[in-house]
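To start, the structure itself, in structure tokens.
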Amino acid sequence: MVLLGSPIEKVTLLHHAEHLAKVPHKRIDRYKMPILQGGKRVWMEFEEYDTTRGIVEWADDYFGTIVQEYLAAGNGWTGKVGAADAYRFEAAALDAFGVAWMEKHFAAPASPLAF
């Protein structure tokens, strides 16, 4: 996978990682939109994980943080193509890294021990 001239916060592959990550209480987006059904427009309700604001409340754009940490761990390639910043990633490896990162950082807080 190559990212050419786009900020690392925009690696949309990580939306797939959001779906795969076992994270409690993922934010859900619900909406209606028209579709054609039998030649007629029908309004249908849909829901999906929130790909606009993210699946959890987080202080920054966590996609950028994930990609920075992936690169800092010696994965991928960075350089220039002309004047554009360029990045190359192995998609499956970045996806797996993203899932592990989300599960680590977005895990449910540990409950206090009951005595």
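The values are calculated or read from the model by the stated rules, or taken from the named source; none is laboratory data. This structure is a prediction, so every number in the text was calculated from the model and none was measured. Neighbour counts are summed over all protein chains in view; Cβ atoms, including those assigned to glycine, are modelled from backbone coordinates with ideal geometry.
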Checklist outcome for this item: Of the residues in segment 30-60, those that are among the aromatic types (Phe, Trp, Tyr) and surrounded by 10 or more Cβ atoms within 10 Å (Cβ to Cβ) come to PHE46, TYR49, TRP58
Next on the checklist: I'm told GLY5 meets every condition in (1) modelled with pLDDT under 95; (2) within 20 Å of HIS105 (Cα to Cα) except one. Can you identify the failing condition by its number?
Outcome noted: (2)
Next on the checklist: Just checking, does segment 17-39 include any residue being without any contact (Cβ under 8 Å) to a residue 60 or more places away in the chain, part of a loop (DSSP other than H, G, I, E, B) and of a type in the set (Gly, Ala, Ser)?
Outcome noted: yes
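Specify which of the listed residues (ARG88, ARG27) is in contact with a Gly (Cβ under 9 Å, 6 or more places away or on another chain), farther than 20 Å from PRO7 by Cβ and surrounded by 10 or more Cβ atoms within 10 Å (Cβ to Cβ). Write out each step before concluding.
Working: ARG88 fails: farther than 20 Å from PRO7 by Cβ.
So the residue among ARG88, ARG27 that is in contact with a Gly (Cβ under 9 Å, 6 or more places away or on another chain), farther than 20 Å from PRO7 by Cβ and surrounded by 10 or more Cβ atoms within 10 Å (Cβ to Cβ) is ARG27.
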Checklist entry - Of everything in segment 91-108 that's surrounded by 16 or more Cβ atoms within 10 Å (Cβ to Cβ) and either at pLDDT below 95 or of a type in the set (A, V, I, L, M, F, W, C) (or both), which residue is nearest to PRO7 (Cα to Cα)? => result LEU94
Next on the checklist: Just the residues that are surrounded by fewer than 12 Cβ atoms within 10 Å (Cβ to Cβ) and under 10 Å from the mean Cα position of the chain (by Cα), please, taken from segment 1-24.
Outcome noted: THR12
Checklist entry - Would it be correct to say that PHE63 is assigned to a helix (DSSP H, G or I), surrounded by 10 or more Cβ atoms within 10 Å (Cβ to Cβ) and touching a Lys or Arg at 6+ places or on another chain (Cβ under 8 Å)? => result yes
